[in-house]
Amino acid sequence: MEIEIRNIYKSFGKVHANIGISLTIHAGEILGVLGENGAGKTTLMKILAGLQPCDSGEILIDGKPVHFHSANTALDLGIGMLSQDPLDFPMLTIFDNLYLGRRKRFFIQRNRFSKQVEKMEDLLGFQFKLNDLVETLSIGERQQLEILRLLVYGSELIILDEPTTGISAQQKKQLFELLKRLAGFGKTIIFVTHKLGEINELCQRTIILRQGKLISDVVLPCESSLLIQSMFGKAIDLQSPGDASQFEKHFEIQHLVIKDARFFSNPVDLNIRKGEILGLAGMEGSGQKTFLRTLAGLEKPINGMFLDEGYSLHWNSPHSFTKRGIYFMPASRMEEGLIQGMTLQEHFILSQTKDDFFVDRDESHKITEMRIREFTIRGFSSSTAEELSGGNQQRLLIAMLHENARLLLLENPTRGLDIESTNWMWKKLHERCKKGASILFASADIDELLRFSNRILVFFGGRISEPYPSQMLNSEKLGALIGGEGW
Amino acid sequence: MQSELLIGLAGVIASASPIVIAAIGETLTEKSGMLNLSVNGIILLSAMSGFIAAYDTGNLIAGYLAGMLTGALIGWVLAFCTITLNQSQVAVGLVLAFLCRDLSYFLGNDFMGFNAPVLHSTPLPFLSEIPILGSLFFDQTPMVYLSLLSIPVSLVWINRTKFGLILRSVGERPEAAFARGINVNKVRYLYTILGSALVGLAGPIYSLGLKPGWKGSMTGLDGIGWIVLAITIFGGWNPFRVALGAYLFELLRWLGLVYQIKLTGVPSQVLQVAPFPLMILTLMFVNMKNAEWFESFISLLPPPIYRFFSLKGKRRKAAPSSLGIPFRNV
Ligand SMILES: Nc1ncnc2c1ncn2[C@@H]1O[C@H](COP(=O)(O)OP(=O)(O)O)[C@@H](O)[C@H]1O
Ligand SMILES: [Mg+2]
């Protein structure tokens, strides 16, 4: 089966997720799809698997144009996809889960289908208890189950979207062996990932997507530096902010082990100095968010101490964290940061940690007006949060951070902002640093990390690196670390 | 004495029949992830419309069909407002519940006190001669037979057929069902309409049989729908347990009536209201099976009894994971 994709375009509102992508996939090959988060990989794969219509473009199978009306049409033509999170049914039995979707008979054909499944299981070396619930399986086993399902349905092309994210090294090895075996049977595999190492290990060819465009189509093996170059674009060398090691010690983290949905981290020891900016690098979901939320007292770590000038903070009370001047600013502005339907003034009232029972309307109005002017927010004290544009919502969040904040924990503070707002934002943050505040910020933007941080922590699949002084890094090195290489 | 008890129990089975059918209808709807809170209104409105249809045509079947059609229509309105117009299932359901109730009083006003045909019992040949069982189950009206039949049919439908599997998948994880090529919102439309039609059948079962006639707010049907909703939840979305809940509820009501005569010292209101809290307590007890301490307690019992009660390794009686959550595909 040869599949040709021609000139695929897809946008979500203003976001161009796929811009004119063309590609040919040959039978029996393992094709890599590499790109950083948000590059458009998942979008392209969903289009290919019939899960999402494209705006324009064509898909040809063996030279014939095809139209997918639903995932079933694609599956009928032999294209199956394993989603980033397994799209299965934890509350159903493994049998039901395999059976669902493709059978024509009215009554469920238990025995006949079980035999069919067993035959395929033998071929792949799986052993599932068909009457168990899917929720009893591990993520790795659920992946195997999905692969089994696609094969039982006769898929010729199997697309795996970031399948190595939640599984152990052992399971990853098994998965790779399985995929190579399947390719040996003549199945075509598309392997989507943002991890460089995996591409060289598994694939014969890879395409690289960046910001919705197909940047290059490379035969493997090949130099990592070349892949990084394509993945992240040309490096802009900027002056790094320099050494902060002689600054005064401020906060201290000892043996901190954080728990994410998928992993426990290694223990982290870290000194945070006054006026220092620490960048947290890594693909989204590698633990940065949990790290920040933990330091804000919003999540309990497995283990570890957090000392503020020698005083040990209690993990169980977020309020005591804010009292000591530790503030967290979430990435999702409307979901976690701001409250829909509440006015700017009400936001400022809430953000003050005063314990007064009654609200002093006049004073809070004055404060609000002052902040609106100081932070040039385009809005009024009576505007509601959702009436503001994204950039102005971000300004509001920054304005709400308390004057005497000592540690700011910022999750993707400049995501979705235009250049002007980004620069403004960093100007404001630097002012805070001069007053002695320390900043930890997570970002997906390598240039931003290198440009503004004194030191950088890299997160990768639950591992947290030692802090790298940013002068020691450049965009290639950092890109490799984020991609899991050079650890 | 024996026969008095039998007659009483047969009466319980008969008077539970509309609740069984309505609760199974609601179970089917909720299995698809749709929450239909308008049950109470549908029962009243369809009791009224079924009564008028049967009165006008002199035909019972027309009455039942009118009731089901009324239910289906309300189900469609709910599906349209929540799926197509993207409104809250809770808000629309509640509004419909009260709207339909008042509408039934208003529209039925001119038909109060009229006489429509009434469904009589049809003993089944041979089966009704079986001692005890015969008079309990097989000397009843066709609607009672239908309610009894609806239990195994819905069980087989949900657990043994392709369509039941699709239904469960849509209520559990719609985005995964969509990825398998299932038209999630179409399935939800269908089961909302089907389930509401079954709820709508409960109305005429009352107004053309159990509580013949239409007497507006005096008909005494207001409130049944809320019980149906509670039974659906406590029955763990399993038709068999749901039906048991319905029988239990009517049994308690009957005992209340019986003891009202015997226990003259107790105010009659107490016995009339007692089934409701008793029902809740019993169902809570049934649901304790999900608790750890219950599991360790019953493990002390002899194995056969333990096995009957134990839920270990069996499917949990949890709500459909996506109940009340809209599905949108981009
Ligand atoms: N359903 C959607 N609605 C709006 N934007 C979307 C949607 N899906 C993806 N996007 C946007 O399209 C871009 C590409 O996303 P995606 O294909 O998921 O990237 P990748 O899989 O490479 O991380 C991102 O900017 C993302 O925010
Ligand atoms: Mg993706």
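Any read-out appearing in this document is the output of simple, stated calculations on the displayed coordinates, not a laboratory observation. As the structure is a prediction and not an experimental result, all values here were calculated from the model. Positions of Cβ are generated from backbone atoms using ideal geometry, with glycine treated the same way; all protein chains shown enter the neighbour counts.
What to note about this one:
- Given A:Lys41/A:Lys187; A:Lys274/A:Lys435; B:Lys31/B:Lys186; B:Lys31/B:Lys162; B:Lys162/B:Lys186, the pairs whose alpha carbons are separated by over 18 Å: A:Lys41/A:Lys187
- For region A:139-144, 3J(HN,Hα) per residue [Karplus equation, 6.51 cos²θ - 1.76 cosθ + 1.60, θ = phi - 60°, Hz, x = Gly/Pro]: 4, x, 5, 5, 5, 4
- For chain B, the relative contact order comes to 32 percent (Cα pairs under 8 Å, sequence separation of at least 6).
- Region A:3-232 - share of DSSP beta bridges that are antiparallel (%, nearest 5): 55 percent
- For A:Gly32, the amide hydrogen comes within under 5 Å of the amide hydrogens of A:Phe191, A:Gln204, A:Arg205, A:Thr206, A:Ile207, counting only partners 5 or more places away or on other chains and with H modelled in the peptide plane.
- Among the listed pairs A:Lys10/A:Lys46; A:Lys173/A:Lys213; A:Lys249/A:Lys289; A:Lys195/A:Lys477; A:Lys10/A:Lys213, those beyond 19 Å (Cα-Cα): A:Lys173/A:Lys213; A:Lys249/A:Lys289
- Ascending count of other beta-carbon atoms within 10 Å, so fewest first, for A:Phe380, A:Phe357: A:Phe357, A:Phe380
- Distances between placed amide hydrogens fall under 5 Å for A:Ser438 paired with A:Gly275, A:Leu407, A:Leu408, all partners being 5 or more residues away or on another chain.
- Considering region B:2-218 at the alpha-carbon level, its Rg and Dmax are found to be 18.5, 58 Å.
- The orientation-averaged projection of the convex hull spanning the C-alpha atoms of the protein assembly as shown amounts to 44.1 square nanometres.
- Equivalent ellipsoid of region A:3-232: semi-axes from √(5λ) of the C-alpha gyration tensor, largest first, are 30, 21, 16 Å.
- Averaged over the residues of peptide B:161-169, the number of Cβ atoms from other protein chains lying within 10 Å of each residue's Cβ is 5.
- Between the C-alpha center of region A:38-52 and that of region A:345-418 there is a gap of 38 Å.
- Order of B:Leu127, B:Leu194, A:Leu295 - criterion: other Cβ atoms within 10 Å of each residue's Cβ, fewest first: B:Leu127, B:Leu194, A:Leu295
- Taking the DSSP bridge list for chain A and keeping only pairs wholly inside it, about 55 percent are antiparallel.
- Counting only Cα atoms, region B:1-109 measures 57, 34, 21 Å along its principal axes, largest extent leading.
- When peptides A:304-310, A:42-48 are ranked by their average number of other Cβ atoms within 10 Å per residue, the highest-first order is A:42-48, A:304-310.
- Which of A:Asp445, A:Asp85 has the fewest Cβ neighbours within 10 Å, and the rest in rising order: A:Asp85, A:Asp445
- Summary value for region A:139-191: 48 percent relative contact order, contacts being C-alpha pairs under 8 angstrom separated by 6+ residues.
- The label-point distance for A:Glu2 and A:Lys249, in a model that sets each label 7 Å from Cα toward Cβ, rounds to 6.7 nm.
- Peptide A:85-91 has a mean shielding of 6, counted as Cβ atoms of other protein chains within 10 Å of each residue's Cβ.
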